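A.B. asks: Quick one: the structure is below, and I'll ask about it shortly.
The values are calculated or read from the model by the stated rules, or taken from the named source; none is laboratory data. Because the structure is a prediction, the values reported are computed rather than measured. As a convention, Cβ positions derive from the backbone with ideal geometry for all residues, glycine included, and neighbour counts pool all protein chains shown. Just the protein is used for accessible areas: all its heavy atoms, side chains included, with ligands, DNA and RNA removed. Shrake-Rupley method; radii C 1.70, N 1.55, O 1.52, S 1.80 Å.
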Amino acid sequence: MSQTQAQRLLTRRGTTATLFDALPEVKSLESFDSIPASSVTWSTDGQLLAAVSADQVSIICFGAAQKDSILKLPQIVAVAFSPGSTLLQTFQRPLKEAGNADKNLKLLDLESGETVVQLYQKGMSKESWPALQLTSSEALLAHMVNNTINIYKTRAFAEGVQYKLPLKNVGGFGLSPAADTAKLKLAAWVPEGKGAPGFVGIWDVNSLGKSQDAPAPLARRSFFRANSVRLYWNSTGTALLAITAADVDVTNQSYYGEQKIHYLAADGTNDCLVPNLKDGPIHDAQWSPDGCFFIVVAGFMPAKTVLFDAKCKPVFDLGTGPYNIIKWNPQGRFLALCGFGNLPGDITFLDKKADGKCKVISQVRNDVAVTCDWAPDGRHFLTATVAPRLNVDNGYQIWRYTGEKILDKREDKGLMEASWQPAPAGIYPDLPQSPRAQASSAGRASTSAAPPQKQGVTAHPVHHLSAYLVTANGPGGKLGVARGRALPPGAAPPDTKAASKNSKRRSKKKGSGAGADDATTPDDAPEPHTNGTSSSG
């Protein structure tokens, strides 16, 4: 696939989805113009699409050797593809009259249509789906039941449990993405109870047996005041981030509770609270695709954004701003900092260098955006305004990483979803900024950070985003930025030319001996501004 090959968008309105070419030009695809779907799920490589509708799942294949199929599944609720796209996991709403006999959680072979695994599960949640977690090679799968995590052979499920991790009151788990089962790790968390702290642990799967005794974990991190945990492995399986959350903030600083983010090295050499963050909620945390860096947006608004290496050492401090979402492009070179929801809608595109230094490329604003994502080529960015989050101003936009808006599609209402069709890994190369974009961004920002010893820190240079902001009239329209300084959300950049003219006018009137009644007052003329701050005339 070349850089000029079409990249496709999927949009969904109500119970109908549409797939079409979006780049390099918009072009309809007649065979995908009306797909029955109340929800859709892509395989990782984008070669399969599962469209869920009433009592059935339509599998649409884009590979040359594959054929479309329809699976009749009454009361279907959710589906998920396996890492290798050979299996489909399904969850159907259980029948009350059937009880445990209703095997409503299934793993289906997409080629043969056979049921590989079938289990009973009472319920499911978005946070815990998929309920069956498979290894990257699909050789093993893990399933959590009361007080235990069981691991089976995927293709020999009838042989029973191969590994078992007994943990009383276990709340969740996550398998590392290691393809080699000899290096496979299992992370799990347990909530606090009866005065004992909760904890997150990492175990070597090959050290587990079938007994009722759990071996000592390779790494463990304890915590209080948390009733839910989200686990994020890096792509190499060497480190884990755990975001803990409590419904109630005992300090009464946040209506939305309290969050903390913990770091654990898989080999047990390091576990800690992620440092250098601002007090307040954890808005987002994302590993880079290669697993060598992660970035965190945290704190009360304006939130602070910090880039760390894989050993949890701060690499760059991007300062504070109205952001709550992080998106790495698939190649891991560019990233987008976004502020959606009740924030102004600012989007900052940055170029992360190999050593972790970040440079602002451009800034844009979409004050009604709800969702966003990078295109497979890593050089275009999608923003969308969708229901039910917003039922007006629905539509979607495509931006270049340099800030140009190249598509703006507005709809009256009813847009439920807009997303890219994924592409297989390695199809689109990792390309640096184009020379023109690089020259433009170099003109806006400094390329170096002050030495650590001059900033009062002992290691790692600290990058401040405010030093790299584009001008108020930069790409994409006006932003809350003036002369490198962030303004309050919604504030208009100062009109420095008008202020200068008014200052000269007042000076001229004073010099000509004008009376007090003729003098210009602050009520009818603004004071002059210097570097974004006012000064008296």
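A.B. asks: Name the single residue that is nearest to the chain's Cα centre (by Cα) among those in the range 218-246 being open to solvent by 30 Å² or more (accessible area, probe 1.4 Å) and farther than 15 Å from Y263 by Cβ.
C.D. replies: Across the range 218-246, the extreme among qualifying residues is S235.
A.B. asks: Please go through the range 225-261 and give me each residue that is at pLDDT below 85 and touching a Phe, Trp or Tyr at 6+ places or on another chain (Cβ under 8 Å), ordered by number.
C.D. replies: D249, Q253, S254, listed by residue number.
A.B. asks: Just name the residue that is nearest to the chain's Cα centre (by Cα) out of those in the range 383-413 that are within 30 Å of S434 (Cβ to Cβ) and assigned to a loop (DSSP other than H, G, I, E, B).
C.D. replies: Y401
A.B. asks: Please verify whether S254 is of a type in the set (S, T, Y), surrounded by fewer than 20 Cβ atoms within 10 Å (Cβ to Cβ) and not in a loop (DSSP other than H, G, I, E, B), treating the condition exactly as stated.
C.D. replies: No.
A.B. asks: Determine whether the range 53-60 contains at least one residue that is in contact with a Gly (Cβ under 8 Å, 6 or more places away or on another chain) and closer than 24 Å to T115 by Cβ.
C.D. replies: no
A.B. asks: For the range 310-348, give me each residue that is closer than 24 Å to P424 by Cα and either among the hydrophobic types (A, V, I, L, M, F, W, C) or in a strand (DSSP E or B) (or both).
C.D. replies: I326, K327, W328, F334, L335, A336
A.B. asks: Could you tell me whether any residue of the range 268-279 is surrounded by 17 or more Cβ atoms within 10 Å (Cβ to Cβ) and among the polar types (S, T, N, Q)?
C.D. replies: No - not one qualifying residue is present in the range 268-279.
A.B. asks: Is there any pair with a first residue in the range 20-34 that is part of a loop (DSSP other than H, G, I, E, B) and a second that is modelled with pLDDT under 90 and open to solvent by less than 100 Å² (accessible area, probe 1.4 Å) whose Cβ atoms are under 8 Å apart and which are 6 or more apart or on different chains, and what are they?
C.D. replies: P24/A6
A.B. asks: Here is a follow-up. Just give me the residues in the range 141-160 being outside any strand (DSSP E or B) and closer than 17 Å to L87 by Cβ, in sequence order.
C.D. replies: T154, R155, A156, F157, A158
A.B. asks: May I ask you to say which residue of G209, G195, G174 is under 20 Å from A265 (Cβ atoms) and out of contact with any Gly (no Cβ under 6 Å at 6 or more places or on another chain)?
C.D. replies: Every option except G174 fails the conditions.
A.B. asks: For the structure I just gave you, tell me whether L134 is touching a Phe, Trp or Tyr at 6+ places or on another chain (Cβ under 9 Å) and surrounded by 15 or more Cβ atoms within 10 Å (Cβ to Cβ).
C.D. replies: So L134 fails the test.
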